[in-house]
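Heads up: the structure comes next, in structure tokens.
The values are calculated or read from the model by the stated rules, or taken from the named source; none is laboratory data. Everything quoted here is computed from the prediction, not taken from an experiment. All Cβ positions, even for glycine, are placed from backbone atoms using ideal geometry, and neighbour counts span all protein chains on display.
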Amino acid sequence: MSKLKIVSDYVFAHQVAGKMQKHHQELLLQILGVFAHESEKKALVNTSILMAYCNDVLVNPDFPEPAIARIAHKALDLLLNGGGQV
């Protein structure tokens, strides 16, 4: 299964993300998919870290912008600081 398929399935099955507006879902997909071109192990580790973070911060499908911003910030932090070590 491809990394992008895993991310897509996660977003649409997530209890909160699945209820968000389409443009919010697409933005979240882009953020989570940022690691799709990394080596297999590193991409899976970083994607897993971001998905776990999503579970913590995505709580309201009606007002997801602050959570999406925090998720984007976490993705940027993983990119700049090496992310999960493999």
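Selection over the stretch 19-74 of residues that are more than 18 Å from LEU4 (Cα to Cα) and in a loop (DSSP other than H, G, I, E, B) gives a count of 9. Where residues in the stretch 36-60 are in contact with a helix residue (DSSP H, G or I) (Cβ under 6 Å, 6 or more places away or on another chain) and of a type in the set (S, T, N, Q), which of them is farthest from ALA17 (Cα to Cα)? Top of the filtered list is ASN46. Answer yes or no as to whether VAL59 is at pLDDT 90 or above and over 12 Å from the mean Cα position of the chain (by Cα). Yes.
Total residues in the stretch 7-35 satisfying the condition of being among the β-branched types (Val, Ile, Thr) and either farther than 20 Å from LEU76 by Cβ or out of contact with any helix residue (DSSP H, G or I) (no Cβ under 7 Å at 6 or more places or on another chain) (or both): the figure is 1. Restricting attention to the stretch 1-14, the residues that are surrounded by fewer than 19 Cβ atoms within 10 Å (Cβ to Cβ) and without any contact (Cβ under 8 Å) to a residue 40 or more places away in the chain total 8. The listed residues are LEU28, LEU79, LEU50, and the only one of them that is aliphatic (A, V, I, L, M), in contact (Cβ under 8 Å) with a residue 40 or more places away in the chain and buried (at least 19 other Cβ atoms within 10 Å of the Cβ) turns out to be LEU28.
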